[in-house]
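I have placed the structure first, in the form of structure tokens, so that the comments after it can refer back to it.
The values are calculated or read from the model by the stated rules, or taken from the named source; none is laboratory data. Please read these numbers as outputs of a predicted model, since none were measured by experiment. Because the Cβ atoms are built from the backbone with ideal geometry, glycine has one as well, and the counts that use them run over all protein chains shown. For accessibility, only protein heavy atoms count, side chains too; no ligands or nucleic acids. Shrake-Rupley method; radii C 1.70, N 1.55, O 1.52, S 1.80 Å.
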Amino acid sequence: DAGVIQSPRHEVTEMGQEVTLRCKPISGHNSLFWYRQTMMRGLELLIYFNNNVPIDDSGMPEDRFSAKMPNASFSTLKIQPSEPRDSAVYFCASSGGSGSVAGELFFGEGSRLTVL
Amino acid sequence: KNEVEQSPQNLTAQEGEFITINCSYSVGISALHWLQQHPGGGIVSLFMLSSGKKKHGRLIATINIQEKHSSLHITASHPRDSAVYICAPQTSGSRLTFGEGTQLTVNP
């Protein structure tokens, strides 16, 4: 299996622009998580989905952030409009599915976002 | 007080040494994860445990639910073990609360 795939790996954009981060979870996993990592705040959960349904979005900073999971193999995290304080590494992770330790997390490589 | 406290924050060891990283938490949990973040930034799940002890190769993780404490041990440490180790108790549902991490450097 290719693991969790995120794109882009790096994104540099200007304040006010729309940013879309993408994630393909491991096939068969039924839970998907979006995390953000910054030097100041460490790792934080933004939102997670179970069977494509958002379960906990209390970590989403504000209305500028939105996440969707239209099907079991794809999720997006969108920031519109972006601000410099959104600069961070955004990780996607998935878990669940037969053959894996229930609840064990598999992380993507992360998307490093820089907003100028 | 943080919900998750890791110690030490930084640890430097010589190759071959036995290493212990501690994690204390104040919340009720269903499980606890230990994660490893490589210098390049990638994150790998090392353990998920809810009781007792687990062992993978040179790594051992223990948890005491009553004392709200977990430890990660590395036997015969190696420079390739140099990384940040993160304790993450799992609270409500699948929500993880992350410790600040322990930066481990193993010198040859």
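For the Cα trace of region B:3-108, dividing Rg by the Kirkwood Rh returns an Rg/Rh value of 0.95. The three principal axes of the C-alpha atoms in chain A carry coordinate ranges of 43, 25, 24 Å, sorted with the longest axis first.
For residue B:106, what charge total do you get from the other residues with a beta carbon under 13 Å from its beta carbon, if Lys and Arg give +1 and Asp and Glu give -1? Net of charged neighbours comes to -1. For residue A:68, go through the lysines and keep the ones whose alpha-carbon is under 25 Å away, minus same-chain ones fewer than eight residues off. Residue A:68 reaches A:24, A:78. Computed from the C-beta positions of residue B:30 and residue A:18 and an R0 of 30 Å, the FRET efficiency is 0.20 to the nearest 0.05. Taking all protein chains together and rolling a 1.4 Å probe, residue B:18 ends up with roughly 120 Å² accessible. Taken about its Cα centre, region A:1-91 carries a charge dipole of about 220 debye when Lys and Arg each add +1 at the Cβ and Asp and Glu each add -1 at the Cβ. Each Lys or Arg adds one and each Asp or Glu subtracts one; over the other residues with Cβ under 10 Å from the Cβ of residue A:75, this totals +3. Taking a point 7 Å out from the Cα of residue A:57 in the direction of its Cβ, the residues of region A:64-93 whose backbone N falls within less than 11 Å of it are A:64-69, A:78.
Entry note, chain A: relative contact order of 37 percent, from Cα contacts under 8 Å with a spacing of 6+ residues.
Note on residue B:68: lysines with a C-alpha under 18 Å away, same-chain residues under 8 apart excluded, are B:1, B:53, B:54. Take each residue in B:3-14, count the other chain C-beta atoms within 10 Å of its C-beta, and the mean is 0.
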